Amino acid sequence: MPQQRRHKTRRRTRGRFPGLYKAVSAVLILAAVVAACAVFFRVGEIQVTGNSRYTAQEIIDVTGIQYGDNLFMIDRAKLAREIRSRLPYVRTVSIRRALPDGVVISVTEGQAVAAVAHEGRWWLMDSTGKLLESVPTAGDHAAITGISPLAPAAGTSLATAQEQRPRLERLRELLSALEKNRLLDKLDSVDLSKDHQIVLGYGGRFTVELSVALESPTPSETGLSYWLRRFAAAMNDPGVSPNQHYRVDISDNETLHFIPE
């Protein structure tokens, strides 16, 4: 009888705290999983893809990842931000685990499309407005005038004083529209000095005057994107001579005017 009572007592005790037993079991299982990850999932291989300007080792060095590190302790988002900041030409970064022991770092690299002057030197920038490096001259890159960088530094976005913010926003919209319409490769210059107009030098023979008040008849495009698409198509029009220099007036939301010079 006493033994039967003890068995009944234990059964009653277990039945009284079912949630506690489940919680303890879950904690033990989780601890076992964490311990297994700490012991078995160690970095044994690091692969870098998509790079050309930077070597694989340069990119790995920035991350600080070492062979033998715990795969699950790597802060991938933080390391991606570090790569983009310290290696300015890197545009996007993806870091993923390749179990059981691999890390794959995939990057895409941007390129300089324009240059803006600051204190006797030029800062190269990509199509997103990210500053890449400081160089003595603009070289073959499109020279941007009418805007002054504020405390430029490699890996940061172009910034300006408050009074020039509207020009900066127009520049960002312009670069995005040029990239969308595949027009960046022949861009010669961008003049933002006029508040009501953007003036582009293009292809060595077009001076394009874009009104900042242009609108788009399609809701899916901005005004600049729409009119630059129209400009790209019009350049191939039979009436536009390949040997003639033109001033292109785009200001009336109606048509493009190619005026020989």
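The values are calculated or read from the model by the stated rules, or taken from the named source; none is laboratory data. As the structure is a computational prediction, the values presented were derived from the model and not from experiment. Cβ placement follows ideal geometry from the backbone for every residue including glycine, while neighbour counts extend to all protein chains displayed. Each accessible area value is taken on the protein alone, full model and side chains, heavy atoms only, with ligands, DNA and RNA left out. Shrake-Rupley method; radii C 1.70, N 1.55, O 1.52, S 1.80 Å.
One residue stands out in the stretch 133-165 among those that are in contact with a Gly (Cβ under 9 Å, 6 or more places away or on another chain) and surrounded by 20 or more Cβ atoms within 10 Å (Cβ to Cβ): the one that is nearest to Ile198 (Cα to Cα), namely Ala142.
Scan the stretch 195-245 for residues that are in a loop (DSSP other than H, G, I, E, B), in contact (Cβ under 8 Å) with a residue 12 or more places away in the chain, of a type outside the set (Val, Ile, Thr) and touching a Gly at 6+ places or on another chain (Cβ under 9 Å) and the total you get is 5. Scanning the stretch 80-95 for any residue that is open to solvent by less than 80 Å² (accessible area, probe 1.4 Å), touching a Ser or Thr at 6+ places or on another chain (Cβ under 9 Å), over 27 Å from Thr128 (Cα atoms) and not aromatic (Phe, Trp, Tyr) turns up nothing.
Count of the stretch 166-192 residues, restricted to those that are more than 16 Å from Gln111 (Cβ to Cβ) and open to solvent by less than 60 Å² (accessible area, probe 1.4 Å), is 11. When the stretch 66-97 is filtered for residues that are closer than 24 Å to Gly110 by Cα and β-branched (Val, Ile, Thr), the ones remaining, listed by number, are Ile83, Val90, Thr92, Val93, Ile95. Set side by side, the residues Ala98, Ala32 differ, and just one is modelled with pLDDT under 85 and either in contact with a helix residue (DSSP H, G or I) (Cβ under 8 Å, 6 or more places away or on another chain) or not aromatic (Phe, Trp, Tyr) (or both), which is Ala32.
Evaluation of Gly129 against the conditions (1) on the phi < 0 side of the Ramachandran plot; (2) under 11 Å from the mean Cα position of the chain (by Cα) shows that the sole unmet condition is (1).
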